[in-house]
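Everything on this sheet refers to the single structure shown next.
The values are calculated or read from the model by the stated rules, or taken from the named source; none is laboratory data. Bear in mind the structure is a predicted one, so any value in this text is a computation, not a measurement. Cβ placement follows ideal geometry from the backbone for every residue including glycine, while neighbour counts extend to all protein chains displayed.
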Amino acid sequence: MPRKKVVAIRHVAFENIGTLKPVLEKRGYEIQYCDIGVDSLAALSNARIGLLVVLGAPIGAYDDALFPFLGDEVALISQRLEEGLPTLGICLGAQLMARALGAQVSPMSKKEIGFAPLTLTAAGRYSVLQNLPADFPVLHWHGDQFEVPAGLDSLAQTPLCPNQAFSLGNYALAFQFHLEADTRCIEQWLIGHSVELLNNGIDLTRLRRQAEQHGEALRQAGETVIGAWLDELDFGQGA
């Protein structure tokens, strides 16, 4: 069935669908990657995609002049959201979803990188994020932030970033943070983002230690939260 096909737009090889793969496959989804710079966005058809997942990258959602494909991604996302088609955005993906809905994305005063808990808003306590344990440390890795699109609510926040998540109906979900990260592969993140980390004084040893300490709990949390959202998605679609 077409709706059981997941297409994940991947911008860098190590920022993949990670620990969400088992929970998707358990529900019968077939996962396909669209690798930016290799595969053609123009070849994607929303009608053939059951769930679109837009993953992260160390670039700005507003950097169309440097990365022209961003405009094509926003157009694809805009069409999906207008048609009420299931969409999940993570980090850059969440920022592109916000942009597609007319909201601004801009640099933060300081990068937010490392494990730290979220504070759920009133709306967030009635969202799928209610499945996160209290004071649970998720992985943050971003230097930009999105405004919440008009008419929607922020679901979570941190002291550095007041808007960490939003949803649109039960079919679109956007996370600034990373629930999908497989911390067994944290060294790939440290290598791939080494310039950013070192230029911003991030302690790599501490980040490794955090990944080891919180990795298994992060995997479980990601499976639980995304599993709850997929259950809502299937219910809404009459599955």
So the strands (runs of 3 or more DSSP E) completely within segment 88-171 holding 1 or more residues that are crowded, with 20+ Cβ neighbours inside 10 Å and under 14 Å from the mean Cα position of the chain (by Cα) are 137-146, 165-168
Being within 16 Å of Gln145 (Cα to Cα) and not hydrophobic (A, V, I, L, M, F, W, C) is the filter here; which residues of segment 61-109 pass it?
Tyr62, Asp63, Gly89, Gly93, Gln95, Arg99, Gly102, Gln104, Ser106, Pro107, Ser109
Kindly provide the set of residues from segment 180-239 that are β-branched (Val, Ile, Thr) and out of contact with any helix residue (DSSP H, G or I) (no Cβ under 6 Å at 6 or more places or on another chain), ordered by number.
Ile191, Val195, Ile202, Thr205
Could you tell me whether segment 48-69 includes any residue that is surrounded by fewer than 16 Cβ atoms within 10 Å (Cβ to Cβ) and closer than 25 Å to Ala228 by Cα?
yes
Of a type outside the set (A, V, I, L, M, F, W, C), out of contact with any Phe, Trp or Tyr (no Cβ under 6 Å at 6 or more places or on another chain), at pLDDT below 95 and over 22 Å from Arg10 (Cα atoms) - does that describe any residue in segment 134-144?
yes
Arg219: charged (D, E, K, R), crowded, with 16+ Cβ neighbours inside 10 Å and at pLDDT 95 or above, yes or no?
yes
Inside segment 51-62, the number of residues satisfying the requirement of being part of a loop (DSSP other than H, G, I, E, B) and either closer than 17 Å to Arg80 by Cβ or out of contact with any Cys (no Cβ under 7 Å at 6 or more places or on another chain) (or both) is 7
Collect the residues in segment 5-41 that are small (Gly, Ala, Ser) and over 18 Å from Leu85 (Cβ atoms), keeping them in residue-number order.
Ala13, Gly18, Gly37, Ser40
Among the residues of segment 1-30, which ones are closer than 18 Å to Thr183 by Cα, basic (Lys, Arg) and either surrounded by fewer than 21 Cβ atoms within 10 Å (Cβ to Cβ) or modelled with pLDDT under 95 (or both)?
Lys21
Can you tell me which of Leu51, Leu20, Leu44 is touching a residue at least 60 places away in the same chain (Cβ under 8 Å) and within 18 Å of Met97 (Cα to Cα)?
Leu51
Has segment 177-191 got any residue that is within 16 Å of the chain's Cα centre (by Cα), under 16 Å from Gly89 (Cβ atoms) and without any contact (Cβ under 8 Å) to a residue 60 or more places away in the chain?
no
Subset of segment 1-50 [outside any loop (DSSP other than H, G, I, E, B), farther than 26 Å from Ile186 by Cα and hydrophobic (A, V, I, L, M, F, W, C)]
Leu41, Ala42, Ala43, Ala47
Options Glu187, Glu180: the member that is among the acidic types (Asp, Glu), at pLDDT 95 or above and in contact with an Asp or Glu (Cβ under 9 Å, 6 or more places away or on another chain)
Glu180
